[in-house]
Amino acid sequence: MPEKTYAPLSDLSTPPALSLARKTVTVLFFLAISLALWWSYDVVSVGSTPARVYTYVPASASAQEILRRCNSFNARPDPSVLASLGPKRTISDRYDPGKQNMSYLITNATIFTGMKNEDGSVKIITGSDLLMTNGLIRAIGRDVPRDLLSVIDSRKLSVIRANGSWVTPGLVDVNSQLGVFSSPPLRASNDFDSKKGPILPWLRSIDGLHTRDNNFELAMAAGTTSAQILPGSSNSIGGEAFVVKLRRTAEGSAVSMIVDPPHGLNSTRGKGLDQEEPMRWRHLMQSCSEKTRRYGNRMDMMWSLRSAYHEARLVMQAQDAFCAKAETGIWDDSRAQVPDDFQWDLLLDVLRGKVKVTSDCSEAIDLDNMIRLSNEFGFPLDIFLHASEAYLVPALVNGSDAGTPAIALLSTGYHHSRESYRGSEFAPAILASRNFSVIMTTDGLIVNSRQLIDEARKAYHFGLSEDLALASVTSAPAKALGLGYRIGVLEEGYDADVVMWDSHPLQLGASPVHVWIDGMRQIPLIKESGRSTYSSGTISGVEESVDPDETRQNAPGQPSYEKETRETLNWDGLPPLMGLPEESRVVFRNVKEVWKKGRDKIEESFLADKETLGTVIVENGKITCVGTSEDCALVPSNERTVDIDLQGGSISPGLLTFGSPVGLEEIDSESSTSDGDLLDALSVNIPNIFNDVGGMIRAFDALVFDTRHARMAYRFGVTTATSSLSKPHQLYKNDDRMIWGLSTTFRTAASHVLEPGATIQTDTALHVRITRPRFDLNGPPAVSVSSQLAALRRLLYGWESRDTDTGLWFRKAAEGVIPLIVEVESADIMASLILLRHEVDGKIGGQMRMVFIGATESWLLAKEIGQARIGVILTSLKPVATKWDERRILPGPPLTNQTALGMLLDAGVSVGIGVQHPQAVMETRFQLSQVLHEIGASLSPREVYGLATTNLEKILGVKGIEPESADLVAFAGGSAFNLSSKVVAVISPQRGLVDLL
């Protein structure tokens, strides 16, 4: 009998018959694969998993369909093909014509394109025009082709004369929870984290995206136009992420917001790839951070990842074996089965190189684990998120066989967790110097979506170049996400996501004046029947003009941190932070300005003229001369003299911080480094040993000196701190107790409590918190607002014996002996507190010194707060509603002309500014700079400076900082408000020395 031959599968409409032996071998092969998959599925601990689903291709299916299915397995997005799409497009797939003009011509702009020049620098075009139409950028350059303009209806073309204003691509955030963690947060809309297990690749963030999240508008107003929406980072694999535009579409669906929907999102799975449509990237979120420890330690985490990828690899191998036989014509006509497993679909695509993988890993050990995992299973890592130690181990990060990932991180905000403890503000510049792609990003509740451009500004201040700082929030994240062919860059054929700024984008306080997404103007907001929260009018003009601030159109100067960067690397991320004390004579030369602390305000001591800078002589920590070089000529002496060139800098009083537990803990996430849990008098009975119904506590008893937070604050000009044991809002932690005890005031440079001058005031103010129950509350039932106010009324009325600490201190607060600091956000609760204050004053006959801290909604009662003589300390200048009590924020420019701070000041309220988190204390002067540029017309620079010095001292009742003994901070290269300046020394009259930093 002649040997049987088989025709190629592509030539057959039905599979040929197999011999009995070959059938038997085939059946045994697939049985073995099925058993292996079943066994590994049962033993891996992946939490609750959906039922296994196989795809069957019946015998009636065409051979061509089967081959297309097999071909689709190894088809992957082709960057060159995707890049070629731009020039071919004349209309965007997201084009959504409406009532507003849909074509815009920007003239005479300074355009940061995001495109690279031949020398590697980023192309910036001055005096350029940009044309947007049909949702695309159609022309960019100094002369827009007339043929493009001729086909546009002049009535639907808006011309915007930029007059040199900066124009950039829309900002791109790779770490966003917009929509899945909605604002204001409610339990029913919290779809960020799943607790169903460590491995959840079948989840999709798009399924939890709430399109009415108020934060979309806030982010757009800060220039952000696209964001990668991540599923929970508390899971080793959180699920599939999606990159969306922040513009709500006419359709209103979450899917319609996706930049490039991946194949199969809205179609039947199992079909072959449509050859006419290039394949798009999918996105995966996986994590190896501290958050995953709810499912075990690092060994548990890595096993869960390896076992999941092992299962996916078994399915992939079965698919490849099936397709290899199918393509050679070996076919079973009884029943054709394509091996598949629906729950591992995303991981299959990861292994086949179709997915952009974002890994939330910070420490070197986690970076190493993830790189070994990627090498073991042969998939690329595209972004390391929050990689705080990446700058310390560049060779390790370069160890991925599939290429070097981009590094996405914050500029500051470290030392609050074990994994961020070695993080550094110099990391972006260090990484860039070693040719890593650097991406600046945000961090949920700590650094909100409005602050993305601020992260680029701070990275620039600490050494990242101007073009890389701007690229870090535009082209770099777009490229890392696989979307660099349509967003993150201004070029013909790209999506018309464009931002026009009132100043250079890297200037502190710079704000967008126009934001377009898909060629549709989003900022200023267009009022359309409730679609916009803050808009009060409609933009309808066909010709507009922007008047930029001419003095702020260049990038600010950049101070040198070479010494600090070198020390950071030499000390493996933990350089010594103490200054070098100098008790001999110190001469500061080329001084432009000297401010000193008065009794109630900041006073000017010296201002140099335009031609001659001044000199300041300090001996034994005290200023002995201020004036010109002739006024302060040195008398010949054998005494050692240290000369410091301030390069046109300034000297001003040390700053005061309030609102965070700085000095009361070392690492927030490590309970062993903090004071521990406090007793809540409204939830539990205070032990008899206290003999005090309220369990009154003193922050002074819990002071921890020489923490990195305190030392960092000192190095950035914050020489004094008032801290209470009140903790800022944290997810899933019961920290809504009412009584937080007494705050204390101390010097941030002190080494221990017994050091002379370490403590300025042992008991500064009495602290309480009045708030509604949080949506994410765990633990005992929350105490109602009415119960909290009733308890506060009873305590202030003096019904608790003054033989107890609680009775004694609340009586002092009622009589005005000590300020009563109330952490409160809701205007309704503030109104109740104002009435309560009047009641207590009438009953006790005192003048209670009540202060609101946080006070997000205080602008609604600005007049009433001013009349009641209640002070306010704002802890967020770019507010986002993280609780229901904060839902009525006043966001400020460009959404509203006014800010909460401005309205309070106009109403005569005594205002100070603070921060919520210890890692943000070092940024106090950056916040002051933002205030200066937002409301500088109504406040002088010295008055702005008072918001974190004399104003704050007066509101808090801090009494131990005398003008003669107050620390002074020397800034080189400018004033405290300038991004170009840095702190080089602290003059300490009380300690009789100058700390050289």
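The values are calculated or read from the model by the stated rules, or taken from the named source; none is laboratory data. Since the structure is predicted, the reported quantities are computational estimates derived from the model, not experimental observations. Neighbour counts are summed over all protein chains in view; Cβ atoms, including those assigned to glycine, are modelled from backbone coordinates with ideal geometry.
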Note to self: Tell me the residue from Leu431, Leu381, Leu392, Leu410 that is under 30 Å from Ser672 (Cβ atoms), in contact (Cβ under 8 Å) with a residue 24 or more places away in the chain and in contact with a strand residue (DSSP E or B) (Cβ under 7 Å, 6 or more places away or on another chain), please.
What the structure shows: Leu410
Item checked: Pairs where the first residue, in the stretch 198-224, is more than 25 Å from Ile523 (Cα to Cα) and the second is in a helix (DSSP H, G or I) and among the polar types (S, T, N, Q), C-beta under 6 Å, 6+ apart -> Pro198/Ser304; Ile199/Ser304; Trp202/Gln343
Next item on the list: Identify all residues within the stretch 186-212 that are under 20 Å from Asp349 (Cβ atoms), in a helix (DSSP H, G or I) and out of contact with any Pro (no Cβ under 8 Å at 6 or more places or on another chain); write none if there are none.
Entry: Ile206, Asp207
Next item on the list: Go through the residues of the stretch 877-884 one by one and say whether even a single one is farther than 25 Å from Asn190 by Cβ and hydrophobic (A, V, I, L, M, F, W, C).
Entry: yes
Next item on the list: Could you tell me whether the stretch 186-196 includes any residue that is buried (at least 24 other Cβ atoms within 10 Å of the Cβ) and modelled with pLDDT under 95?
Entry: no
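Of the residues that make up the stretch 803-819, is at least one of a type in the set (Gly, Ala, Ser) and either surrounded by 20 or more Cβ atoms within 10 Å (Cβ to Cβ) or closer than 17 Å to Asp885 by Cα (or both)?
yes
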Note to self: Conditions first: (1) part of a strand (DSSP E or B); (2) in contact (Cβ under 8 Å) with a residue 60 or more places away in the chain. Val626 passes all but one, so which condition is the exception?
What the structure shows: (2)
Item checked: Residue in the stretch 85-120 that is surrounded by the fewest Cβ atoms within 10 Å (Cβ to Cβ), counting only those that are among the aliphatic types (A, V, I, L, M) and in contact (Cβ under 8 Å) with a residue 60 or more places away in the chain -> Leu85
Checklist line | Residue count for the stretch 964-990, restricted to those that are touching a strand residue (DSSP E or B) at 6+ places or on another chain (Cβ under 7 Å), of a type in the set (Ser, Thr, Tyr) and part of a loop (DSSP other than H, G, I, E, B) | finding: 2
Item checked: Only one of Val635, Val684 that is among the aliphatic types (A, V, I, L, M), modelled with pLDDT under 90 and within 30 Å of Ile739 (Cβ to Cβ) -> Val684
Item checked: Where Leu613 falls short, out of the listed (1) over 16 Å from Ile987 (Cβ atoms); (2) surrounded by fewer than 19 Cβ atoms within 10 Å (Cβ to Cβ); (3) not acidic (Asp, Glu) -> (2)
Next item on the list: Answer yes or no: is there a residue in the stretch 576-583 that is at pLDDT below 95 and out of contact with any strand residue (DSSP E or B) (no Cβ under 9 Å at 6 or more places or on another chain).
Entry: yes
Margin query: Based on this model, can you work out whether Glu800 counts as loosely packed, with under 15 Cβ neighbours inside 10 Å and more than 39 Å from the chain's Cα centre (by Cα)?
Written below: no
Next item on the list: Kindly state which strands (runs of 3 or more DSSP E) lie completely within the stretch 311-391 and contain at least 2 residues that are under 30 Å from Val438 (Cβ atoms).
Entry: 355-360, 383-385
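Residue-by-condition table, conditions (1) assigned by TED's automatic domain parsing to the domain that holds Phe746; (2) surrounded by fewer than 24 Cβ atoms within 10 Å (Cβ to Cβ); (3) under 24 Å from His917 (Cβ atoms):
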{"site": "Asp643", "(1), (2), (3)": "no, yes, no"}
{"site": "Gln647", "(1), (2), (3)": "no, yes, no"}
{"site": "Val662", "(1), (2), (3)": "yes, no, yes"}
{"site": "Ser672", "(1), (2), (3)": "yes, yes, yes"}
{"site": "Asp675", "(1), (2), (3)": "yes, yes, yes"}
{"site": "Leu678", "(1), (2), (3)": "yes, yes, yes"}
{"site": "Ala681", "(1), (2), (3)": "yes, yes, no"}
Check: Within the stretch 150-185, which residues are closer than 15 Å to Gly519 by Cβ and not acidic (Asp, Glu)?
Finding: Ile152, Lys156, Leu157, Ser158, Val159, Ile160, Val167, Pro169, Gly170
Check: Which of the residues spanning the stretch 123-157 are farther than 30 Å from Glu466 by Cβ, in a strand (DSSP E or B) and hydroxyl-bearing (Ser, Thr, Tyr)?
Finding: Thr133
Checklist line | Number of positions in the stretch 629-660 that are part of a loop (DSSP other than H, G, I, E, B) and farther than 30 Å from Ala920 by Cβ | finding: 12
Notebook entry, point to check: Here is a list of conditions, (1) over 24 Å from Pro512 (Cα atoms); (2) crowded, with 22+ Cβ neighbours inside 10 Å; (3) not hydroxyl-bearing (Ser, Thr, Tyr), and Leu979 meets all of them except one; can you say which number that is?
Noted result: (1)
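Name the residue, out of Ser400, Ser437, Ser449, that is modelled with pLDDT under 95, among the hydroxyl-bearing types (Ser, Thr, Tyr) and surrounded by fewer than 23 Cβ atoms within 10 Å (Cβ to Cβ).
Unique residue meeting the criteria: Ser400.
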Checklist line | Enumeration of residues in the stretch 277-302 that are under 17 Å from Gly378 (Cα atoms) and either among the small types (Gly, Ala, Ser) or surrounded by fewer than 22 Cβ atoms within 10 Å (Cβ to Cβ) (or both) | finding: Met302
Item checked: Residue among Arg372, Arg352 that is in contact with a helix residue (DSSP H, G or I) (Cβ under 9 Å, 6 or more places away or on another chain), in contact (Cβ under 8 Å) with a residue 60 or more places away in the chain and either surrounded by fewer than 22 Cβ atoms within 10 Å (Cβ to Cβ) or more than 23 Å from Gly232 (Cβ to Cβ) (or both) -> Arg352
Check: Is there any pair with a first residue in the stretch 602-619 that is within 16 Å of Ala972 (Cα to Cα) and a second that is part of a loop (DSSP other than H, G, I, E, B) and of a type in the set (Gly, Ala, Ser) whose Cβ atoms are under 8 Å apart and which are 6 or more apart or on different chains, and what are they?
Finding: Gly614/Ala608; Gly614/Ser629; Thr615/Ser629
Check: For residues in the stretch 685-709 being in a helix (DSSP H, G or I) and among the charged types (D, E, K, R), which is farthest from His917 (Cα to Cα)?
Finding: Asp701
